[in-house]
Structure formats: structure tokens, C-alpha cells
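Input: a single structure, listed below in C-alpha cells.
The values are calculated or read from the model by the stated rules, or taken from the named source; none is laboratory data. Source: prediction; values computed, not measured. Here the Cβ positions follow ideal geometry from the backbone for every residue, glycine too, while neighbour counts run over all protein chains shown.
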Amino acid sequence: MKILGYIFLGVIGIILLAAIIIFFYLRRGLKRIAKEMYGTDNIVDALNQSQRTAEDEHRSVNSMTKTYLPQIMRDFPEFSYEQFKIKAEHALLSALAAISNDNTGLMQDASEEFKTKVRSLIEMNQANEYDEDYSDCVIHQTEINSYTKRAGICRIILQSSLEYYHTVKRKSDGKIIKGKADVKAQERYNVELIYIQDKTKMEKIGHGNDTIGSHCPNCGAPVTSLGAKHCEYCGSALTQINVLVWSINNFTKV
């Protein structure tokens, strides 16, 4: 029995020794990788740097600029792509600033419908007693995502990749219920430009056909009549869409 006990202890010792050797071997390998990739052999520091690197990698946009811009320029020779790209970026950033400060007066380069949507989002936060904040917002890239023409309306979707700190807090106790205060979010947004060519054709669209591309800023229901003053689903007031003018009409997170 003593012999079996010694054999058992010997086996356990060999296993422990092998485990220790493997641990130090892997640790040395991880340190070598950390040194090569991040310039430090401290594994914890390397992991922290890896997380920061992941946070800094912005999301790529679905760029169709080279495909659609020539078509747009043929249809609208005076269209200034760079000008509207800048306006769309300003409108998006100002929308986030307006939401953060509960102040639609901060809105820039946006239509009344665009402002109405932002106003609705602010009112929803106020009703829920939330403080929503977007800070350190940076746009990395903006490209044309799509271009469509039908039923008297032309629509350009510009897609932007951006990063920001985003939190939603309860006003009652300041607790964060969405987002992280110390981690930047990497997001993509679509900004819609519309050009109304023929109001008559649009008004002939049947009920339920979302060709206009306009939605109620309160409930999100499609607006099926260009001249509608109120949403037929929730009764919220609607703003008129300009005719024969490019208008920054809407924005959505992708």
C-alpha cells in the first residue's frame, strides 16, 4: 500500500510540475506577443491597450458614392455634394448636441421636419425623466449610401461613421441605464436628403405605400399625404416639406 501511495504522489507531482512548466511557457509566450504588439511585456497593460484600440476602430460605412454621384450630377448638375455632405454632418452633430442640452435652438442645417424629430426625442426623455448625453462626438467618414427616384421624389441617403460617449441617466438618482461613461461607442447614422419634384404625383400614392419616405416624428407611422397637417395615427402635428429644394429631412442610427 505504501508503494501505491508513493506512486500516486509521484504521479501528482509530475502533473503539477508539468502544469507549472506549461503555465510559465504560456506566460512567456503571452509576454512575447504583448511586447511585439503593444510594446510592453505586462499582460494586463497589453489587454488594456487592446481594449482601447478596439474602441478607436471606427465602423466603416457602406460607400456607394462612386456609383451614385455621377447619376445625381446628371440629374442635378448644380448639386454640390461636398456642401451637402458638410451640411448633413452639421445637422447630425447638432441634433446630438440638441438632445444632450434639451435645446432645439442648437440645430443647424436641418429642415423643420428634422427639428421636429429631435424635439420629439427631447420630449420623450423629459417625459421619462431621463438625461441623455452625447459628448466628444467625432465623424470619421461620410459617403453616399443610396439614391432613389420615384413618384415625384428624389432621395439621397448619406451614411456617416462616428464615435462618441453616450449615456442615458435617470434624473432621480443619476444612475446610468444605457451606455458607458468611459467607453466610446462606434456607430453609423443615415441622414436623408429629399427633393420633391412633383407634389401631385406624390399625393396620388395610395394609403399604406411608404413612397414619400416621411414619417411621424412621434410614433414613426408613414405619412402618406404630402399636405397632411397631423399624423393620422397619433394626431401629432406635422411640418410641411419644401418642394423643389433639397432638404435634410431625417436621420436614423443604422
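When LYS180, LYS169, LYS184 are checked against the criterion of being over 24 Å from PHE114 (Cβ atoms), surrounded by 18 or more Cβ atoms within 10 Å (Cβ to Cβ) and in contact with a His (Cβ under 9 Å, 6 or more places away or on another chain), LYS184 stands alone in meeting it.
Quick grid of which residues meet (1) among the hydroxyl-bearing types (Ser, Thr, Tyr); (2) assigned to a helix (DSSP H, G or I); (3) modelled with pLDDT of 90 or more; (4) in contact with a Leu (Cβ under 8 Å, 6 or more places away or on another chain):
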| site | (1), (2), (3), (4) |
| --- | --- |
| VAL44 | no, yes, no, no |
| GLU55 | no, yes, no, no |
| TYR68 | yes, yes, yes, no |
| MET73 | no, yes, yes, no |
| ALA88 | no, yes, yes, yes |
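For the stretch 145-190, residues that are in contact with a strand residue (DSSP E or B) (Cβ under 9 Å, 6 or more places away or on another chain) and closer than 21 Å to ASN250 by Cα total 24.
Only one of the numbered conditions (1) over 24 Å from HIS90 (Cβ atoms); (2) in contact (Cβ under 8 Å) with a residue 40 or more places away in the chain is not met by ASP109, and that is (1).
If you go through the stretch 90-109 and keep only what is surrounded by 19 or more Cβ atoms within 10 Å (Cβ to Cβ), at pLDDT 95 or above and more than 16 Å from ILE156 (Cβ to Cβ), you end up with LEU93, SER94, ALA95, LEU96, ALA98, ILE99, SER100.
Cβ-Cβ contacts under 6 Å between residues 6 or more apart (or on different chains), taken from a first residue in the stretch 79-94 that is in contact (Cβ under 8 Å) with a residue 12 or more places away in the chain to a second residue that is among the charged types (D, E, K, R) and surrounded by fewer than 20 Cβ atoms within 10 Å (Cβ to Cβ), are listed as LYS87/ASP109; HIS90/ASP109; ALA91/ASP109.
For the stretch 110-132, the condition holds for at least one residue, the condition being that it is at pLDDT 95 or above, within 20 Å of LYS178 (Cβ to Cβ), of a type in the set (D, E, K, R) and within 16 Å of the chain's Cα centre (by Cα). Please specify each residue of the stretch 145-173 satisfying the condition of being among the small types (Gly, Ala, Ser) and within 20 Å of ALA98 (Cα to Cα). If the condition is that a residue be among the small types (Gly, Ala, Ser) and within 20 Å of ALA98 (Cα to Cα), then SER160, SER161 are the ones that fit. Determine whether GLU82 is modelled with pLDDT of 75 or more, in the same structural domain as ASP136 (by TED's automatic domain parsing), among the charged types (D, E, K, R) and assigned to a helix (DSSP H, G or I). For GLU82, the condition - modelled with pLDDT of 75 or more, in the same structural domain as ASP136 (by TED's automatic domain parsing), among the charged types (D, E, K, R) and assigned to a helix (DSSP H, G or I) - is met.
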